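The values are calculated or read from the model by the stated rules, or taken from the named source; none is laboratory data. Here the structure is a predicted model, which is why all the values come from computation and not from measurement. Because the Cβ atoms are built from the backbone with ideal geometry, glycine has one as well, and the counts that use them run over all protein chains shown.
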Amino acid sequence: MSFPVTANALFVSAILAGLAGVAPCQSDLPESTLVVGCLSETSGKLILTDKDGGTYLLEGHTAELKAQIGDELSVSGRSRAAGRDSGDESSFRVVSFTTVLRKNPAGVQPQLGDPGGWSNFTDKRFGVVVRYPKTFLQQDGEPVWLPSNFVDRTGILTLHARSIPRQVYSGSNFVDGTFGVAVDPSIRSEGTCLQFGSTTPGYTLSRTLDGIRYAQTQIVDAGMGKAEIVYHLHTFQNGFCYEFTVEFVEADGTGLEPFSCNIQWLSKDNEQKLLDSLLSQVSFLAPERRNTAKGIPAQRPVVTSLERSQDPEIPAVVSWATEGADYVQLQFPCMDEQVFVSSLGGGSMKCGGQTDRNFPPNGSETLVLTNLNSNSVRLVLTVEPFSDGVEYHGGSKTITLEIAPERH
């Protein structure tokens, strides 16, 4: 059976035939594009940064890219600009990719040369011998700048310091560094020597290298596109407390300049390799100078005074004095989440029985006290004295600090 073909049917057929031969609009299906850049991850998002600093938010088939973070990639896909009023980033839908430069997961090993050809420094007064690569640079003038982590930084003597040049980690994000040794003649026992002014939880340990016992900690600071990683090691030898410091200044990729994928990142193992290489060349002699502070006093340490500033309009300045103490800790109980205690210039302070810093036996500290509750709260602060690394609760003192609520 046949049906007559109407004019309307012919018209619809013509339209469909015409549409079949028309390609989709370019805005609906953009052409494939090739982008070469550095792959990074920010807040769970994969970002590709090209050599001009342009960024692309990668979408689509990105599961395999997780293993390529830090690599230089050539990515094929389609770019989609965000809506004018959406506020979203432009995205790049991945079709395929190839690896241009694969980062070495082992990082960069330090180039130090044969230790047999290293330079030698000997301080006969304090009986310490330090050897270091000839490429290390002498600091201009007296080596007065060496980051220290002794509890009491008054009276510290810097014996030697050298700058670590960039070529030690050629092709990496290493910028420069410092290696040096200092001594604190006021420290009279090993228990106190193995303490630090500040520590980082999880990065403080005790280790022995070539028969020498060290306490080691690591402090990290970042800003202006760089990270400063400083290792401090303390050891007590021949009646003196020595501090060895190795500082690494590294680009962290957050600066204004685009970070190149051609640069390898230093790993913790790379840093530790340099640290161990330098410490393996340290030795000690009988010192010409005798430490007059040697020995532990018979008197049990005690806090003799503890007071705070009376002006309620300024941060609390707490002052203390002790007898027989090598250092003290400021301790306070943990309160609710609306109360914060910070040390001016030292950051947030830990509550409870554990602390991440020590203070000189006689001194003061400015505390920034923040109370977000609607009512005033009382904070009981205890100053605990220590001798030879041992805490003496019986010699402590407490003070109650009234913390007014924040003004809104």
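Checking the condition within 29 Å of the chain's Cα centre (by Cα) and either surrounded by 13 or more Cβ atoms within 10 Å (Cβ to Cβ) or within 30 Å of residue 186 (Cβ to Cβ) (or both), which residue from 396, 342, 387 passes?
342
For the stretch 176-227, name all the residues that are assigned to a strand (DSSP E or B), closer than 22 Å to residue 154 by Cα and touching a helix residue (DSSP H, G or I) at 6+ places or on another chain (Cβ under 7 Å).
Matches in the stretch 176-227: 179 only.
Can you tell me how many residues in the stretch 70-99 are modelled with pLDDT under 85, loosely packed, with under 14 Cβ neighbours inside 10 Å and within 19 Å of residue 40 (Cβ to Cβ)?
Count: 3.
Name the single residue that is farthest from residue 344 (Cα to Cα) among those in the stretch 294-331 being among the polar types (S, T, N, Q) and at pLDDT 90 or above.
The residue in question is 304.
How do the pairs read when you match residues in the stretch 350-365 that are assigned to a strand (DSSP E or B) with residues anywhere that are basic (Lys, Arg), using Cβ under 7 Å and keeping only pairs 6 or more apart or on different chains?
Every condition considered, no pair remains.
Only one of 107, 127, 180 is among the small types (Gly, Ala, Ser), closer than 27 Å to residue 222 by Cα, in the same structural domain as residue 270 (by TED's automatic domain parsing) and in contact (Cβ under 8 Å) with a residue 60 or more places away in the chain; which?
180
For every residue, the table says whether it meets (1) among the hydroxyl-bearing types (Ser, Thr, Tyr); (2) surrounded by fewer than 15 Cβ atoms within 10 Å (Cβ to Cβ); (3) over 28 Å from residue 269 (Cβ atoms).
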site: 132; (1), (2), (3): yes, no, no
site: 159; (1), (2), (3): no, no, yes
site: 164; (1), (2), (3): no, no, no
site: 177; (1), (2), (3): no, no, no
site: 182; (1), (2), (3): no, no, no
site: 193; (1), (2), (3): no, no, no
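Name the residues in the stretch 255-293 that are in a loop (DSSP other than H, G, I, E, B) and either at pLDDT 90 or above or among the polar types (S, T, N, Q) (or both), would you?
If the condition is that a residue be in a loop (DSSP other than H, G, I, E, B) and either at pLDDT 90 or above or among the polar types (S, T, N, Q) (or both), then 260, 262, 267, 280, 281, 282, 285, 286, 287, 288, 291, 292 are the ones that fit.
Which ones in the stretch 100-123 are in a strand (DSSP E or B), out of contact with any His (no Cβ under 6 Å at 6 or more places or on another chain) and at pLDDT 90 or above?
Once the filter is applied, which keeps residues that are in a strand (DSSP E or B), out of contact with any His (no Cβ under 6 Å at 6 or more places or on another chain) and at pLDDT 90 or above, the stretch 100-123 yields 119, 120, 122, 123.
Out of all the residues in the stretch 42-63, is one or more in a helix (DSSP H, G or I) and either touching a helix residue (DSSP H, G or I) at 6+ places or on another chain (Cβ under 7 Å) or modelled with pLDDT of 80 or more (or both)?
Scanning the stretch 42-63, I find at least one residue that is in a helix (DSSP H, G or I) and either touching a helix residue (DSSP H, G or I) at 6+ places or on another chain (Cβ under 7 Å) or modelled with pLDDT of 80 or more (or both), so the answer is yes.
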